[in-house]
Each structure stands twice: as structure tokens, then as C-alpha cells.
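As C-alpha cells, the structure follows; a few thoughts come after it.
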Amino acid sequence: MKRLILLMLASLASAAVPVVKDLGIPIRAVNWVRLHPGRGPHQSASLLISMGQNNGGLFVLDVDLATGHCRQFNAPSAKQQYPTASFRSPRTGALYIGAHTDGHLLRYDPAHPERGLEDLGAIDGEHATFPTGITEAPDGMLWIGGYPDCSLTRFDPATGQFTRFGSQDDTDKYLYPIAGADGSLAALSKVVHPHLLLINPQTGARQSVGPVITPEDKDARLQFYKGVDGLLYYETHAGSFRVHGDRLEPVTILPPPLPPFYSAGNPPPAFRDALPMPDGSIAVWDDGDEGAGTFHTLRILSTNPNVAPRLLPLDWQGGGSNLFVLHRGLDGNLYGSSFLPEHIFRCAPDGSGMVNLGRCSLMLGEAYTIGNFSDGSMAFGSYPHANISLYDPRRPWRFGTDATSNPRDIGRLDEVGIRPIAMAIVPALPQPDGTTVPERMWIGTLPDYGTWGGTLAWLDPKTLVHASHRHLLPDTSPFSLLWLPEPKQLLVGLSIEGGTGTKAKAKRGAFVLWDPVKDQAIYTGDFGLKDLTDVVALTPAEHGLVYALLGHTRYTVELLGAAVAGPTRLALVDPVARKVVAVAPIPAEFGRMPEQIQFTIFRGPDAVYGITEQTLYRVKPGTCELEVVWRSPEGDRLDVAGPWVGKTFYFATGWRLRSLTLP
């Protein structure tokens, strides 16, 4: 009897625990893809390829140009996911990679494949977690730029020693060095006030030369590159120059860039990495950025007109790409986007029929937001440039930019937005005069790199008519949007976050009530919250109330410091009365907020729910009281929140699509 009672208690206890399932890996794609042609160990044609991924880390392929077989060498650490800087030495044939997220320098030498992909050590610790560029000087030294401190480091391949010269600019965060064949060394500093630095290779001493611009200087331009003669050139709106040691020399004729063309801070798509190998063959992608973005087929061309082009299938294996956003369409299916590159997947709620549909945008970054129109069609907002794509699930998937494409990338809604952080669909609104304002998609964006002040924009999906508004409050960005049916207003949450590479100028966020018919703000303020930070997430509550998540994003916290940023809070607000009903901090023991903080509170089957990386919690209706529904086991986490279908909540952990079903 005692044993039976224990079994019954155990059964009851297990029944009260949510059931978590893995539904699969929707996307197995790669990012930061670069072709590295050169000479092999026996002076033969050699092709190396660097690719980034999340599950298993970045890897290098040593390609058999006859068969397409790839010897695949994965990074030593799973943290080394993105080959943000890569360079193949024409002197030695070795490939060097600066790895994000840990900022280590890796090396693959095709003359010694038994060594694999070697970890040579940290470039400059936390000062260079995102390597920006690698260049080789005539003496064989490697020079490496790094983010977030605009740092410069020298590496000696002969000794394995790093010499760290530290930050090269007090404001900018990105540095792109290039070494010339004459021993000159210079670097482009970006992105707030881009300018050129001339560097002494012996001492590391630097001097700023030439024009200094900001991204908002529309008539300004600059391009820093290595020419086919091996020398360094600087083309600007103020004139064209050649770098010669410690000075700029004006020139009237600029040589073409040395292929493959890597303009500092603006690497080309992989399909342009075309440089002949010793046998005259040229490898380009047949299914790369311009195509499906799958990077499994090369087209081998030749400088010899008598040699016909041929296709070369590659046999590399991917592990999985992190998911960035999850969504449920009106067709009942789950949709989602992967992160760098942006591929869209679709599956049924039980995970069946899972398919990688491919790209939905010219951008190939990631879809930040997805929305449903009343007719069942969908909108994708993609980084970079906040491009909008329109998709009808009832028609076959055929991506493009023409009117018959599905999805169709229609481009940007303004010249400012780059990260489409928030989306809301406002229904058609009949007017007293008998006219109707048509259904519109509204989007809030963060501004371009090095700038401040994001935009609130709208689009009519039928006519493609659109408009945009900037600086709803100076130097802030619309970060969260919610349609309020009762007052027929759009609630906008503002953040102090600017474009990437900037420090916030504004001190506080705000709420904005927007009239979508008059297309103007009717209220901007704090609803009485005098210590208001960023309004990063909004979701409807009962009786016309709204829950708002208040706190800074992870990137803003890194700049402000945790002490200044303060805790993330949940507020219950009355947007009609323009007041706060209740507010409470999210307990620290719940864990930190996910990177996609704008999706962390949402409607569930019986109440509003929220997530941190470690906790799914429920909000007691009408209050800011929180109760834990599920805590992720140690080593596990909730990265991206998705929709609810009945009692089942969908979310992503890294590259895995998962579900949690309440008892």
C-alpha cells in the first residue's frame, strides 16, 4: 500500500510539470562565407573556404577541386562561431581567422592539415571580441583590428607573439587596418566619425589624416583600399590620395582595387571573391548570396577561353543556425527566421513538415519581425536596412523583387532605419465621411550605424504607399508597438538606443500615443513614471490595460553599466487614463533578459506570460505579481519566445525549435 501511495504521489507530481519537447533544427545554414584561393603545398591550385555557424562553431573547408570533397576543420571552441575577419597569406598559403565571439586568432595551414584549425590565442581580450580585419605587412607581420574598443594588435607568426597597441579612437568602435606593399600601414576608424589613421608599424604611433565625416553627411564619401599595385589608396569627397608612410599624397588617377576587393569595413559578398588560382581557374558561388544562399555549389570558371565552366557540388555538413524570431501565421503554421543568414522555416505546430523555405529578403541578415494581415498574408521586416518583404502562404514560395515574387522584397520605407525592431498591423479604419483608412503595417526601427533617432513608418501592402517619422522624441527609437482597438491608437514604446557603435544621447525612454488616421502623436510622456527607462516590450492585458516591460537592452547596459541601467521592471499601465496602475521589478533570480528583449512578454492561454533566459513566468491578472511556471535546467535557456497554441508555448534555444505544454 505504501509503495502504491508513493507511486500515485509521484504520478501527480509529474503531471503538474510542464512537458518540454525538442521539435528539430529548422535551419542549417552558414554565415560570413569567404572564398580563399591560393597556392597549395606543392604550388598547385588550392581553395579554402571559411564559414560561420552556431552549432559546432565556425569551420574551414579544404576543397578538392576535382571532386568537391571537403576536408572540414571545425573551430576548437564552440564560442568561435563567426569568422568576422579572415585573411589567406599569399606568402605562406596559411589562412588566418579572427573569431567572434571570443576574439581569438585561428590558423589553418594546408601544408599541415594534421594540425587542424589551430587556436593561436586571444587577440586583445575583451577589447577585440569581434575582429574586424586582418592584413599582412611585407615583413610577414599580421595586423588585426578589433571591436568594441577600436583596437589594433600585431601578431608575429614566427614567434606566436601578440603586441597590443590598444584603442585607436575614443569614440569609434570599429577599426579596419590594411598594409601596403611599400611598408605603409593605415586603418579606417568607423562608424560615428569615420576617418583614416596612419600608423607607424615599428612603434604603433598613429595620426589622423584627411577628412572626418559622419554617416549623416550625405554628400561625404570615403573608400580605403589596396590597389592592384599593392599600395594603399584613399578616395574621398575632398580628393583622392595615396598613402605613403606617414603622409597622404594627392593623386589624379586611382588604380583598381586588388581582388578580391575588400574595401575597409565593407567586405564584398562571397560571390565577388574571385581571384585566379595558379592554374587559371576561378571559383565563384553558384548558389551563394545572389542565389539561394545555401553555399553548396561552386561554379569553376577559367581564364582560358577554351576551358568550359563546370559546377562543383560541395559535401560539407552544417550543424544548425540560431533562430531569431518565431511567429504563427493565420494558416496555423509556425514560421521563423534564422540569424545570419536569414532563412525562413515553416512547420506544423507538432513540428511535422518542417522545411527551410530559403531567403525572404535581399538583406540575408535576419527577420526581426513578422506580422499577419487580415487576408492571411504576411510581412517580414529584415536587417539590415529594415527591408520589408510581403508573402502570401497560399501561393508557392518564389523569392524576388518583381511584382509576381512571393515573398517580394519591396525595399526600405526610409533611409534611416536598419533594425526593424517592432511591428504592428493596424486594421482598416472606417471614417465618418464614408472613407476608410486601409489596413497598414507599422514598424519601429533603430537607426543606421553611428547615428541616433530611429523611425516609425507605415506601409499600405496593397498600394505600397508608405510614410516615415523620425525623432518622435529626440535621439530615441521606437522599440515596441501595440495597437489599441478601444481608443483606436497605436501605443509606441521609445528606447534611448541608437545605431550600432553609438553611446546613447537621450537619458530616458517614453510612451507615445499615435493617431494612425492623422498620422501624428497625440501624447508623448512617461505616464507618471518619473524614472522611466526604455519601453522595450508591450502586450495587452484585460480591460484595456497594457503590460509594459521597462529596461535597457543588453547592448545599452554594456555601455551604461548594470548599476546605472538598474533592474528590468514590469509595469501595468492604463493608456487611456495615461497612468501607471502597478509596477514591480523582475526578480534577479529569474535570470537575465534574452537578447531579443522585445519579445519577452506576451499573451498566453489564461494570462500574460514572460520569459528570461532561465524562467517562464506567469503574471497574476490585474497585478504585477509573478509566479514561476518553468525554470530551465542548468546549462539550458530560453533564447527566443514564440507563440502559444492552446496550452503549448513555442520557443527557441539556440538552433533548436522547442515546445512547452502546460499540464
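Going by the conditions given, is T101 of a type in the set (S, T, N, Q), surrounded by fewer than 23 Cβ atoms within 10 Å (Cβ to Cβ), out of contact with any strand residue (DSSP E or B) (no Cβ under 7 Å at 6 or more places or on another chain) and in contact (Cβ under 8 Å) with a residue 24 or more places away in the chain? Spell out how you get there, then give the answer.
On the way: of a type in the set (S, T, N, Q): yes; surrounded by fewer than 23 Cβ atoms within 10 Å (Cβ to Cβ): yes; out of contact with any strand residue (DSSP E or B) (no Cβ under 7 Å at 6 or more places or on another chain): no; in contact (Cβ under 8 Å) with a residue 24 or more places away in the chain: yes.
When the stated conditions are applied, T101 does not pass them.
Residues in the range 214-246 that are crowded, with 20+ Cβ neighbours inside 10 Å and of a type in the set (S, T, Y): Y225, Y233, Y234. Scanning the range 633-663 for residues that are part of a loop (DSSP other than H, G, I, E, B) and without any contact (Cβ under 8 Å) to a residue 24 or more places away in the chain, we see that the one that is nearest to the chain's Cα centre (by Cα) is D636. Among the residues in the range 503-525, are any over 16 Å from H552 (Cα atoms), part of a loop (DSSP other than H, G, I, E, B) and modelled with pLDDT under 95? No, that holds for no residue.
Scanning the range 528-539 for residues that are in contact (Cβ under 8 Å) with a residue 40 or more places away in the chain and surrounded by fewer than 21 Cβ atoms within 10 Å (Cβ to Cβ) yields G528, T539. Of the strands (runs of 3 or more DSSP E) contained entirely in the range 434-479, those carrying at least 3 residues that are among the aliphatic types (A, V, I, L, M) fall at 440-447, 455-459. Could you say whether any residue in the range 544-559 is surrounded by fewer than 20 Cβ atoms within 10 Å (Cβ to Cβ) and more than 28 Å from the chain's Cα centre (by Cα)? Checked against the condition, which is being surrounded by fewer than 20 Cβ atoms within 10 Å (Cβ to Cβ) and more than 28 Å from the chain's Cα centre (by Cα), the range 544-559 yields at least one hit.
Among the residues of the range 77-91, are any in the same structural domain as G293 (by TED's automatic domain parsing), out of contact with any Gly (no Cβ under 9 Å at 6 or more places or on another chain) and not hydroxyl-bearing (S, T, Y)? No, the range 77-91 has no match at all. Scanning the range 421-450 for residues that are surrounded by fewer than 22 Cβ atoms within 10 Å (Cβ to Cβ) and of a type in the set (D, E), which turns out nearest to R470 (Cα to Cα)? Taking the candidates together, the pick is E439.
For the range 247-273, give me the residue count where each residue is modelled with pLDDT of 65 or more and surrounded by 15 or more Cβ atoms within 10 Å (Cβ to Cβ).
Taking the range 247-273 and keeping what is modelled with pLDDT of 65 or more, we get 247-259.
From the residues that got through so far, the ones that are surrounded by 15 or more Cβ atoms within 10 Å (Cβ to Cβ) too are 248, 251, 254-255, 257-259.
Number satisfying all stated conditions: 7.
Can you tell me which residue is surrounded by the fewest Cβ atoms within 10 Å (Cβ to Cβ) among those in the range 344-373 that are on the phi > 0 side of the Ramachandran plot and at pLDDT 95 or above? Once the filter is applied, the top-ranked residue is G353. Scanning the range 118-147 for residues that are β-branched (V, I, T) and within 15 Å of L95 (Cβ to Cβ) gives I134, T135, I144.
Out of curiosity, is A422 closer than 17 Å to G499 by Cβ and either among the aromatic types (F, W, Y) or modelled with pLDDT of 95 or more (or both)? Answer is yes for this residue. In the set (1) surrounded by 17 or more Cβ atoms within 10 Å (Cβ to Cβ); (2) touching a helix residue (DSSP H, G or I) at 6+ places or on another chain (Cβ under 9 Å), the condition left unmet by G622 is number (1). Inclusion of G336 among residues that are touching a residue at least 12 places away in the same chain (Cβ under 8 Å), under 23 Å from the mean Cα position of the chain (by Cα) and surrounded by fewer than 18 Cβ atoms within 10 Å (Cβ to Cβ) is not warranted. Out of everything in the range 211-245 that is charged (D, E, K, R) and modelled with pLDDT of 90 or more, what residue ends up being nearest to K190 (Cα to Cα)? Filtering first and then ranking leaves E235. In the range 285-343, the residue that is modelled with the lowest pLDDT out of those that are polar (S, T, N, Q) and assigned to a strand (DSSP E or B) is S302. Filtered by the rule that a residue be modelled with pLDDT of 95 or more and small (G, A, S), the range 633-663 gives A641, G642, G646, A652, G654, S659.
Residues are listed down the side, and each one gets a yes or a no for (1) in the same structural domain as Q489 (by TED's automatic domain parsing); (2) in a loop (DSSP other than H, G, I, E, B); (3) buried (at least 21 other Cβ atoms within 10 Å of the Cβ); (4) at pLDDT 95 or above:
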| position | (1), (2), (3), (4) |
| --- | --- |
| L570 | yes, no, yes, yes |
| A577 | yes, yes, no, yes |
| V581 | yes, no, no, yes |
| R592 | no, yes, no, no |
| Q598 | no, no, yes, no |
| F602 | no, no, no, yes |
| Y609 | no, no, yes, yes |
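Which one of D392, D448, D433, D375 is in contact with a Leu (Cβ under 9 Å, 6 or more places away or on another chain) and either acidic (D, E) or in the same structural domain as T171 (by TED's automatic domain parsing) (or both)? Steps first, answer last, please.
Details: D392 fails: in contact with a Leu (Cβ under 9 Å, 6 or more places away or on another chain); D448 fails: in contact with a Leu (Cβ under 9 Å, 6 or more places away or on another chain); D433 fails: in contact with a Leu (Cβ under 9 Å, 6 or more places away or on another chain).
Residue meeting the stated conditions: D375.
The numbered conditions (1) hydrophobic (A, V, I, L, M, F, W, C); (2) at pLDDT below 95; (3) surrounded by fewer than 24 Cβ atoms within 10 Å (Cβ to Cβ) are all true for A94 except (2).
Looking only at the range 408-453, count how many residues are of a type outside the set (G, A, S), under 23 Å from D375 (Cβ atoms) and free of Cβ contacts under 8 Å to residues at least 24 places away in the same chain. Give the derivation first.
Narrowing the range 408-453 to residues of a type outside the set (G, A, S): 408-410, 412-416, 418-421, 423, 425-427, 429-433, 435-443, 445-449, 451-452.
Of the ones still in play, those that are also under 23 Å from D375 (Cβ atoms) are 408-410, 413, 420, 423, 425-427, 429-431, 435-443.
This time we only want the ones that are free of Cβ contacts under 8 Å to residues at least 24 places away in the same chain, so: 408, 430, 435-436.
So the count comes out to 4.
Mind listing just one residue for me: the one in the range 102-134 that is in contact with a helix residue (DSSP H, G or I) (Cβ under 9 Å, 6 or more places away or on another chain) and part of a strand (DSSP E or B) and, of those, nearest to N200 (Cα to Cα)?
So the residue we want is R107.
Can you pull out the residues in the range 374-401 that are of a type in the set (A, V, I, L, M, F, W, C) and at positive phi? Steps first, please.
Step one: of the range 374-401, the residues of a type in the set (A, V, I, L, M, F, W, C) are 378-380, 386, 388, 390, 397, 399.
Correct list: A386 only.
Got at least one residue in the range 512-525 being surrounded by 14 or more Cβ atoms within 10 Å (Cβ to Cβ) and either within 30 Å of K173 (Cα to Cα) or in contact with a helix residue (DSSP H, G or I) (Cβ under 9 Å, 6 or more places away or on another chain) (or both)? Checked against the condition, which is being surrounded by 14 or more Cβ atoms within 10 Å (Cβ to Cβ) and either within 30 Å of K173 (Cα to Cα) or in contact with a helix residue (DSSP H, G or I) (Cβ under 9 Å, 6 or more places away or on another chain) (or both), the range 512-525 yields no hits at all.
Would you call R115 assigned by TED's automatic domain parsing to the domain that holds G146, modelled with pLDDT under 95 and surrounded by fewer than 18 Cβ atoms within 10 Å (Cβ to Cβ)? Before you say what the answer is, go through the steps one by one.
On the way: assigned by TED's automatic domain parsing to the domain that holds G146: yes; modelled with pLDDT under 95: no; surrounded by fewer than 18 Cβ atoms within 10 Å (Cβ to Cβ): yes.
Answer is no for this residue.
The values are calculated or read from the model by the stated rules, or taken from the named source; none is laboratory data. Treat the numbers as computed from the prediction; the structure is a model and nothing was measured. Cβ coordinates were reconstructed from backbone atoms using ideal geometry, including for glycine residues, and neighbour counts include every protein chain displayed.
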